[in-house]
Structures are given as C-alpha cells and as structure tokens.
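Here is the structure we will look at.
The values are calculated or read from the model by the stated rules, or taken from the named source; none is laboratory data. What you see is a predicted model, and the numbers here were worked out from it, not measured in a lab. Glycine gets a Cβ as well: all are built from the backbone with ideal geometry, and neighbour counts include every protein chain shown.
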Amino acid sequence: MTIFFSIAIKLLGYFFIKFKYFQNCCLTNSSGVDNIHFFLSSSNKYSFELTNLVFSENKFFIFYKFKELNFKEIIKSIENRTLLPIYFLNGENTYFIDKITDKILDSVLKESEKDFNQTILYGKDTSIDSILDISKRYPVMASYQLVIVKEAQHLSRRLGQLEQYLKNPVRTTILVFCFKGKKIDKRKSVGKLLSKSNFLFDLELVKDYQLPDWIQNCAKINNLVIDPQAIVLLSEFLGNDLSEIEKNIQKLKLLTKGSQSVDADMVQKHIGFSKDFNLFELTDAIAAMNIQKAGFIAYHFGKNSKNHPIVVTIGHLYGFFTKLMKFHFYKDNMGDSQLAGKIGVHPFFLKQYKQASKFYSKSKLAKILSQLRHYDLMSKGVFAQNTSHEEILKEMIFKIMH
C-alpha cells in the first residue's frame, strides 16, 4: 500500500508538470512519506503540501495544506522569475525586507530596461493616486515595469485607496511596498484583501535561538569559517540586528588571511557591543545560571550606566530573588495558578522560577539578599567611596552566581 501511495504521488506530480496545471513542481520526502510541493501559477506566496490521496467511488480525493513561503523560498521564487504583481513586505525584520527588495531590483529588469520601466517612490513624498497612476502604465520594450514604494508605513492611513487595484492588478507591473517596523492591520478590509490575494508577506525578527544558525549561514555565504564560540559571542554582542551581523562578518572576512578561521578572541578584539540588553534578559541569564551571558550583560550595563543605573538593577534583582524565596516556601502546597498569585507573577513566568529554584536554594537566597543590601549601600558611597558602579556591578553578579 505504501509503495502504491508513493508511486501514485509521483505520477500525480508528473502530470502536474506535464500538463502545466502547476509550475515549479518538485518531489520531496518527509518522514517516509512522499510529498509534493508546488506553486500555483497565479500566486507564489504559498506552496501546497500534499498530505494524503484517497481513491473512492472512481474518484481521487487530494488532501493538502498551505505552507507559507519563508525568506529563502521567496528569494528563490524571484530568482526563478515566478513573480507576483504585488509584494507587500511588512514586519519588524527590515533586513529581510531590504534583501527581498534588492533581489527584485536585481532580477526583474535588465540594466537597459530600467530607465523607462523602473520607478522608486518614498511613502513620505508620494500619494496612493501617484502610485496607482504609475502602476497602471504598460512597460516600454520590456516584460515588466517595476514600481518600488519605500517607507510605505507612512501611507498606512491611506492604504484603503488600494483596494480596487488589489482586486485587479496590472499583470505587467510588479508593485513592491516596503512597510517597515510594523505590520498592516489585517482586521481592516485592505489587510484582509492583501492576505487573501497572497500578496502580503510578514517578515518576523529572527528569534534569539535561531541566531547561531543564521550567523553560520551568513558566514558560509561570505566564505568565512567561524568557530561555534565565536558565533555565540557575535549573537550576544550584536543581538538580532541582521544588517549589523552581516556587516561585521564582512569585516571579519577582511581581517582573516587565507583559510584562517574566526575565533572568540578575534570577535572580542574587533567587534563591540551593539545590542541594548535589558533587566529581564539579565534576570533570565541569572535564573538559567548562564554565567557567560550574565557577565556580558553586567559589562554592558557598567559601560552604559546612564541607561542602566545600578540602583535600578539592584532593586530589580532584589525583587526577583525575594519572589524566588517565596516560591521555595509555597511550591509544594499550591497549584501553578495559586502559586503565581501568591508570589506576585504571571503564571507564564513560573517556568523561570522553577528553573532558578534548581540553582538557588533557600540558604543561597538568604545570602544573596544580604549581599544585594550590601551592594546597594556600596553604590550609594558607603563602605567603598572610590569604587565605580561598573566594578560593583561585576563583583555583585559574580558573587550571586558563585
């Protein structure tokens, strides 16, 4: 039965390609079951994953699910010239928005076609009427005309004027909106229409846990070998600012000779802090007993004492460890919801306290609370008048975690 199912799917894929019902058909294997991923000729925002085939009463029933394209797949579809009439690029990941826009600019038109067929507008300086007037023109001696609207977020209140065009876009025009820093409201009619038409692309920030893989891939693209420890340092130093990461990887590439790899020492020497840490990240690092990360954040706070006053840091940590002490006393007698209310936190944060309780016993917490009171007085000039806040902070974090 499994063999029949596999053969049937491959034959189905063959007919999809042979008779051009679908474009860019390819076969993949996932968990022992053959799947078909393909793009509809009318839209390349989604691929479809075939999940099952059922033959009943002389009919084939095809079961599939939508799979939204990720950044790499969007880039690949543009390279393959499976183009949409509209790309509405929105979200906080401005790096991905810029990269997709650059790929469209590089791929759609030849250099000789750009003078008459490429228009770049800015949301601050244009109107929806002007955008539509240009978009309704036909290309001059080219397959497409390209219209790029940068800083489109400045047009957010007037996007409703696009609705009629979205329903019937000019197929020889590729209209790109770069809507940076936020997402369009999908509850409004224009947002619903963009989403339904598959013209809307949500570009999310890369999560912290995804950064090492992203850095590794970026280094590979730049023909740079980078040690795992150096990757961790880069992610801690630069955060999820992908443009800054790419810039610094290119900088490191210039500093290496031949096949020399980048190590942690090179990163520490040539790359500075750019990420602005906060108190919650410091608490997370301390709760997880991540000594390296807590040390990084303490160093950063010390160098930026105006933005991160030590008195505020000590107060925040005192509150955290006081709640952790309460957690120890009540955890065995209460459910999660009641326990969260008792110690004064949202139930979502209980997992942080459960994790921290493994590293910090009641006796250890009593010592930490005493130390925090001591360092609070030190920061106010008692005991050590000539000690800098940076030195106090680093010593305090070290003693808490050792």
Q. Under 6 Å by Cβ, and 6 or more places apart or on different chains, what pairs join a residue from segment 179-201 that is assigned by TED's automatic domain parsing to the domain that holds L155 with one that is β-branched (V, I, T) and in a helix (DSSP H, G or I)?
A. K180/T94; K180/I97
**Q.** Residue that is surrounded by the most Cβ atoms within 10 Å (Cβ to Cβ) [pool: residues in segment 250-262 that are part of a helix (DSSP H, G or I) and in contact (Cβ under 8 Å) with a residue 24 or more places away in the chain]
**A.** L252
**Q.** Elements of type helices (runs of 4 or more DSSP H) in segment 336-402, at least 3 residues being touching a residue at least 12 places away in the same chain (Cβ under 8 Å) and farther than 25 Å from I291 by Cα
**A.** 336-343
Q. Looking only at segment 159-197, which residues are among the β-branched types (V, I, T) and not in a loop (DSSP other than H, G, I, E, B)?
A. T173, I174, V176, V190
Q. Which one is surrounded by the most Cβ atoms within 10 Å (Cβ to Cβ), of the residues in segment 147-170 that are under 19 Å from K124 (Cα atoms) and touching a Leu at 6+ places or on another chain (Cβ under 8 Å)?
A. V149
**Q.** Filtered residues of segment 354-402 (kept if exposed (fewer than 15 other Cβ atoms within 10 Å of the Cβ) and of a type in the set (F, W, Y))
**A.** F359, F383, F398
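One line per residue, one yes/no per condition, for (1) modelled with pLDDT of 90 or more; (2) part of a helix (DSSP H, G or I); (3) crowded, with 17+ Cβ neighbours inside 10 Å:
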{"residue": "V206", "(1), (2), (3)": "no, no, yes"}
{"residue": "L211", "(1), (2), (3)": "no, yes, yes"}
{"residue": "N217", "(1), (2), (3)": "yes, yes, no"}
{"residue": "N223", "(1), (2), (3)": "yes, no, no"}
{"residue": "V232", "(1), (2), (3)": "no, yes, yes"}
{"residue": "E236", "(1), (2), (3)": "no, yes, yes"}
{"residue": "N240", "(1), (2), (3)": "no, no, yes"}
{"residue": "S243", "(1), (2), (3)": "yes, yes, no"}
{"residue": "N248", "(1), (2), (3)": "yes, yes, yes"}
Q) Under the condition of being touching a residue at least 12 places away in the same chain (Cβ under 8 Å) and of a type in the set (S, T, N, Q), which residue from segment 305-335 is surrounded by the most Cβ atoms within 10 Å (Cβ to Cβ)? A) T313
Q) Of (1) within 29 Å of L109 (Cβ to Cβ); (2) in the same structural domain as K136 (by TED's automatic domain parsing), R157 satisfies all except one. Which? A) (1)
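Name the one entry in H389, H402, H346, H328 that is more than 30 Å from Q268 (Cα to Cα) and either more than 33 Å from the chain's Cα centre (by Cα) or of a type in the set (F, W, Y) (or both).
Within the list H389, H402, H346, H328, the selection yields H328.
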